[in-house]
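Accompanying notes for the structure given below.
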Amino acid sequence: MEKYEILEHRADLKIRIFGKTKKELFQNALLGMSESMKAEIESPAEKVKRKVRIESFDLPSLLVDFLSEILYLSQVNKEVYFEVKFKKFFVPLTSSRQAEIECELIGQKVERFGKDIKAVTYHDLDIRQRKNKTWQATVLFDI
């Protein structure tokens, strides 16, 4: 299964992401964003780990908040993350509780980024389960 694809957009970065599960969808969203930043990895490559905890109102907000937090950590720490290990991944069926993620990001220190992503947006955001029960999301990034 394809992990993600870059879509045509005049001014920004638009990615369609795929996953067999919601967790895999989030992992592939991380990968699509990270690879799009075109990071120049420090040599020798130093492995880094960061813990992240996010609470949001629903699945779309959780995805935007998750990617926004990763983008923030990438810029502040000059790191790029390619892997996520979820300790908790909860998306309620009703709005009685908040969606929540606890995870560990794994990545590397970078010299610089080749593409500057300014923000993860809600514009044209779409997350859906397809007929074959796999998941698909479309995310627009401000560059």
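The values are calculated or read from the model by the stated rules, or taken from the named source; none is laboratory data. Nothing here was measured: the structure is a model prediction, and the numbers come from that model. Here Cβ is always computed from backbone atoms with ideal geometry, including for glycine, and neighbour counts include all displayed protein chains. Side chains included, ligands, DNA and RNA excluded: accessible areas come from the protein's heavy atoms. Shrake-Rupley method; radii C 1.70, N 1.55, O 1.52, S 1.80 Å.
Working carefully through the options Phe86, Phe113, Phe66, Phe141, find the one that is touching a residue at least 12 places away in the same chain (Cβ under 8 Å), within 25 Å of Ala11 (Cα to Cα) and touching a Cys at 6+ places or on another chain (Cβ under 9 Å). Give the derivation first.
Details: Phe86 fails: within 25 Å of Ala11 (Cα to Cα); Phe113 fails: touching a Cys at 6+ places or on another chain (Cβ under 9 Å); Phe141 fails: touching a Cys at 6+ places or on another chain (Cβ under 9 Å).
Of Phe86, Phe113, Phe66, Phe141, the one residue that is touching a residue at least 12 places away in the same chain (Cβ under 8 Å), within 25 Å of Ala11 (Cα to Cα) and touching a Cys at 6+ places or on another chain (Cβ under 9 Å) is Phe66.
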Counting only residues in segment 1-59 that are at pLDDT below 95 and basic (Lys, Arg), the one nearest to Ile106 (Cα to Cα) is identified as Lys47
Under 9 Å between Cβ atoms, which residue pairs at least 6 apart in sequence (or on different chains) link something in segment 3-14 that is touching a residue at least 60 places away in the same chain (Cβ under 8 Å) and under 14 Å from Asp142 (Cα atoms) with a partner that is of a type in the set (Asp, Glu) and in a strand (DSSP E or B)? Ala11/Asp142; Asp12/Asp142; Leu13/Asp142
If you take just the strands (runs of 3 or more DSSP E) that sit entirely in segment 43-143, which of them hold at least 2 residues that are open to solvent by 50 Å² or more (accessible area, probe 1.4 Å) and over 25 Å from Leu7 (Cβ atoms)? 47-56, 79-90, 99-113
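Determine which member of the set Lys14, Lys38, Lys20 is over 21 Å from Lys118 (Cβ atoms) and among the charged types (D, E, K, R). Don't jump to the end; show me each part of the working.
Values: Lys14 fails: over 21 Å from Lys118 (Cβ atoms); Lys38 fails: over 21 Å from Lys118 (Cβ atoms).
Residue meeting the stated conditions: Lys20.
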Could you list, in sequence order, all residues of segment 19-40 that are in a strand (DSSP E or B) and either touching a helix residue (DSSP H, G or I) at 6+ places or on another chain (Cβ under 6 Å) or open to solvent by 60 Å² or more (accessible area, probe 1.4 Å) (or both)? Gly19, Glu40
Would you mention how many residues in segment 75-102 are more than 20 Å from Lys23 (Cβ to Cβ) and among the charged types (D, E, K, R)? 2
